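**Student:** Provided herewith is a single structure, encoded as structure tokens, for subsequent inquiry.
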């Protein structure tokens, strides 16, 4: 069953973690509102009033046994060994320790949605490289970089955005700039929607940075590995 839920990943999560486990637990928002060490006590003694957190408390209380089990597992390990992220009823746990990853997978299998791990052929590359994505071949057999754009750095400057896009499109095919990316870049003035272009080589990437360093976000290097 674990094999069916296991997916391969080609880069680190948040540029830090190699492994990820996603757990489906209604009420897991409690991991965001309470320290892990306090959750068991909070579930046992929290008043069931009609306050702001009542619905979250009720859902957590229904799944108290599961939530306590996860808490006990996490408390038994050094806090530096893992990180958590909560999104609605999904709890994601990240780690770089394969033993921690396998043990948590086993104890949480009944409510685990999926888990992610690096391929054995790209593990060393991911361990020893920063901002990299492992691939079996370069995208379109030519592009070496994935570059995230930051259009919010030019918020409200539509003319400036249009000039930058015009320059990007003139670099084609060394830089990809689809109509969808163009529309997104012009319309986006907020910092949450992340999209990227592909860049052919280091010299083109340097030109891109010189043309508009503020709008060049994180850069990932594609590294070819056997799959």
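Values quoted throughout were computed directly from the atomic coordinates according to the rules given, and no laboratory measurement underlies them. If you're wondering where the values come from, they're calculated on a predicted model, not measured in any experiment. Positions of Cβ are backbone-derived with ideal geometry, glycine not excepted, and every protein chain shown enters the neighbour counts.
**Student:** Can you list the helices (runs of 4 or more DSSP H) lying wholly within the stretch 72-180 that have 3 or more residues being within 17 Å of residue 21 (Cβ to Cβ) and out of contact with any helix residue (DSSP H, G or I) (no Cβ under 6 Å at 6 or more places or on another chain)?
**Tutor:** Per the criteria, 98-107.
**Student:** So, one more: Tell me yes or no: at least one residue of the stretch 139-151 is free of Cβ contacts under 8 Å to residues at least 40 places away in the same chain and closer than 16 Å to residue 222 by Cα.
**Tutor:** For the stretch 139-151, residues free of Cβ contacts under 8 Å to residues at least 40 places away in the same chain and closer than 16 Å to residue 222 by Cα: present.
**Student:** In addition: In this structure, is residue 215 in contact with a helix residue (DSSP H, G or I) (Cβ under 8 Å, 6 or more places away or on another chain), surrounded by 14 or more Cβ atoms within 10 Å (Cβ to Cβ) and within 18 Å of residue 162 (Cβ to Cβ)?
**Tutor:** yes
**Student:** Can you work out which of the residues in the stretch 192-205 that are in a loop (DSSP other than H, G, I, E, B) and more than 24 Å from the chain's Cα centre (by Cα) is surrounded by the most Cβ atoms within 10 Å (Cβ to Cβ)?
**Tutor:** Applying the filter and picking the extreme gives 200.
**Student:** Do we find a residue being in a helix (DSSP H, G or I) and within 20 Å of residue 112 (Cβ to Cβ) anywhere in the stretch 10-26?
**Tutor:** Checked the stretch 10-26: no residue is in a helix (DSSP H, G or I) and within 20 Å of residue 112 (Cβ to Cβ).
**Student:** Restricting the stretch 57-71 to residues that are in contact with a helix residue (DSSP H, G or I) (Cβ under 7 Å, 6 or more places away or on another chain) and crowded, with 18+ Cβ neighbours inside 10 Å, which is farthest from residue 127 (Cα to Cα)?
**Tutor:** This residue is 60.
**Student:** If residue 189 meets every condition in (1) free of Cβ contacts under 8 Å to residues at least 12 places away in the same chain; (2) assigned to a loop (DSSP other than H, G, I, E, B); (3) touching a helix residue (DSSP H, G or I) at 6+ places or on another chain (Cβ under 6 Å) apart from one, which number is that one?
**Tutor:** (1)
Residue by residue, here is whether (1) in contact (Cβ under 8 Å) with a residue 40 or more places away in the chain; (2) crowded, with 18+ Cβ neighbours inside 10 Å; (3) farther than 12 Å from residue 9 by Cβ holds:
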position: 87; (1), (2), (3): no, no, yes
position: 90; (1), (2), (3): yes, no, yes
position: 95; (1), (2), (3): yes, yes, yes
position: 98; (1), (2), (3): yes, no, yes
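**Student:** Given (1) within 22 Å of the chain's Cα centre (by Cα); (2) within 25 Å of residue 15 (Cβ to Cβ); (3) in contact (Cβ under 8 Å) with a residue 24 or more places away in the chain, where does residue 208 come up short, assuming only one miss?
**Tutor:** Failed condition: (1).
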